[in-house]
Amino acid sequence: MQLADAQRPRRSLQPDQAGLLEFPAEEPFYLPIGQEVTIFEAAYQRRLPVMLKGPTGCGKTRFIRYMAWRLHRPLVTVACHDDLSANDLTGRFLVRGGETVWQDGPLTAAARAGAICYLDEVVEARQDTVVAIHPLTDDRRILPLEKLGELLQAHPSFHLVVSYNPSYQHLMKDLKPSTRQRFVTIGFDFPPRDLETEIVCRESGVERAMAATLVKLAERVRLLRDRGLVEVASTRLLVHAGHLIAVGVEPRHACEAAIAGPLSDDPDLLAAVMELIAVVLP
């Protein structure tokens, strides 16, 4: 039985009105490390899905915001997590003011609007949720909206990007080959010493000498990965420490709070990080 027009659920706000789209107005600060900008632009030109692969806090999210600005495209960002369902991505019916309305999810909003959709840490999402993106990653570029009875053809400018942290392999989380092989991969790592120093100096406001000291500390902490430290001192954590130092916090205390504390609760690993802080910042 077909519903009369008066009975049909109506769509809710347009994606931009719903606040899902970000329009970077100013150029985000980003220092290229290799060929990532060239590869991304080529993938975007051919609408090849992209996977940004690298450790936490190395600049993947900043990079995608920079590319959205560079390509003049709106950006939709989704922070993936264990409870993220396919409906959270695609949309659902809601009751508002006595009416049943359809609310696009972030993936659907991006596909309609021709935005870049960035699924941050996609490995955190459930496998059945990840499978929902597959039809958008091949030459069909479609998104089945079963509840709406619609087969959405993605806007020509739509681009799908995910990030993936290989460290999660040690936590029994990984992507299936059937998902991984749908993406062009751009590898990320922590920047070389001079670039990382420049980033910390620029982003936090500390003097260059202090930024260089923070980078030196990070290089030593990163060696603890061999002793079981899953996540090491990221550029993001260095910037956090720099922010504290810039407003007057004593450097050792800033590093203990912004670097050591977030890295581990293991007493032995925490003690090892604190010892390195004491050596580098006596």
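The values are calculated or read from the model by the stated rules, or taken from the named source; none is laboratory data. This structure is a prediction, so every number in the text was calculated from the model and none was measured. Quick reminder, even Gly has a Cβ in these numbers, built from the backbone with ideal geometry, and neighbours come from all protein chains shown.
Can you pull out the residues in the stretch 145-162 that are touching a strand residue (DSSP E or B) at 6+ places or on another chain (Cβ under 7 Å), surrounded by fewer than 16 Cβ atoms within 10 Å (Cβ to Cβ) and outside any helix (DSSP H, G or I)?
Matches in the stretch 145-162: Leu151, Gln153.
If you go through the stretch 54-77 one residue at a time, how many are assigned to a helix (DSSP H, G or I), more than 22 Å from Gln181 (Cα to Cα) and of a type in the set (A, V, I, L, M)?
3
Across the stretch 43-88, which residue is farthest from Pro144 (Cα to Cα) among those that are of a type in the set (Ser, Thr, Tyr) and touching a residue at least 60 places away in the same chain (Cβ under 8 Å)? Spell out the reasoning first.
Taking the stretch 43-88 first, the residues of a type in the set (Ser, Thr, Tyr) are 44, 56, 61, 66, 77, 85.
This time we only want the ones that are touching a residue at least 60 places away in the same chain (Cβ under 8 Å), so: 44, 56, 61.
Details: Tyr44: 22, Thr56: 32, Thr61: 27 Å.
So the residue we want is Thr56.
Any idea how many residues of the stretch 182-194 are closer than 27 Å to Glu275 by Cβ and surrounded by 15 or more Cβ atoms within 10 Å (Cβ to Cβ)? Break it down stepwise before answering.
Let us first name the residues in the stretch 182-194 that are closer than 27 Å to Glu275 by Cβ, namely 189-194.
Filter once more, keeping what is surrounded by 15 or more Cβ atoms within 10 Å (Cβ to Cβ): 190-191.
Total satisfying the criteria: 2.
Looking at Asp194, Asp189, Asp128, which is the one that is part of a loop (DSSP other than H, G, I, E, B), out of contact with any helix residue (DSSP H, G or I) (no Cβ under 6 Å at 6 or more places or on another chain) and not aliphatic (A, V, I, L, M)?
Only one candidate passes the filter, namely Asp189.
Residues in the stretch 91-121 that are under 16 Å from the mean Cα position of the chain (by Cα) and either assigned to a helix (DSSP H, G or I) or closer than 25 Å to Pro166 by Cβ (or both): how many? Explain how you work it out, then say what you get.
Taking the stretch 91-121 first, the residues under 16 Å from the mean Cα position of the chain (by Cα) are 106-107, 110, 115-121.
Filter again for either assigned to a helix (DSSP H, G or I) or closer than 25 Å to Pro166 by Cβ (or both), leaving 106-107, 110, 116-121.
The number of residues fulfilling the criteria is 9.
Can you pull out every residue in the stretch 198-241 that is surrounded by 18 or more Cβ atoms within 10 Å (Cβ to Cβ), outside any helix (DSSP H, G or I) and touching a helix residue (DSSP H, G or I) at 6+ places or on another chain (Cβ under 6 Å)?
Val206, Leu229, Val232, Ala233
With the requirement that a residue be over 14 Å from Thr185 (Cα atoms) and either modelled with pLDDT of 95 or more or not β-branched (Val, Ile, Thr) (or both), what does the stretch 29-45 give you?
Phe29, Tyr30, Leu31, Pro32, Gln45
Against the condition in a strand (DSSP E or B) and either surrounded by fewer than 13 Cβ atoms within 10 Å (Cβ to Cβ) or modelled with pLDDT of 95 or more (or both), how does Met51 come out, does it pass? It would help to see each step written out before you state the result.
Values: in a strand (DSSP E or B): yes; either surrounded by fewer than 13 Cβ atoms within 10 Å (Cβ to Cβ) or modelled with pLDDT of 95 or more (or both): yes.
So Met51 passes the test.
May I ask you to verify whether Asp88 is modelled with pLDDT of 90 or more, outside any strand (DSSP E or B) and either out of contact with any Phe, Trp or Tyr (no Cβ under 8 Å at 6 or more places or on another chain) or within 18 Å of Val161 (Cβ to Cβ) (or both)?
yes
Within the bounds of the stretch 170-181, is there any residue that is crowded, with 18+ Cβ neighbours inside 10 Å, within 21 Å of the chain's Cα centre (by Cα), under 30 Å from Leu48 (Cα atoms) and not assigned by TED's automatic domain parsing to the domain that holds Ile259?
Yes, there is a match, as at least one residue in the stretch 170-181 is crowded, with 18+ Cβ neighbours inside 10 Å, within 21 Å of the chain's Cα centre (by Cα), under 30 Å from Leu48 (Cα atoms) and not assigned by TED's automatic domain parsing to the domain that holds Ile259.
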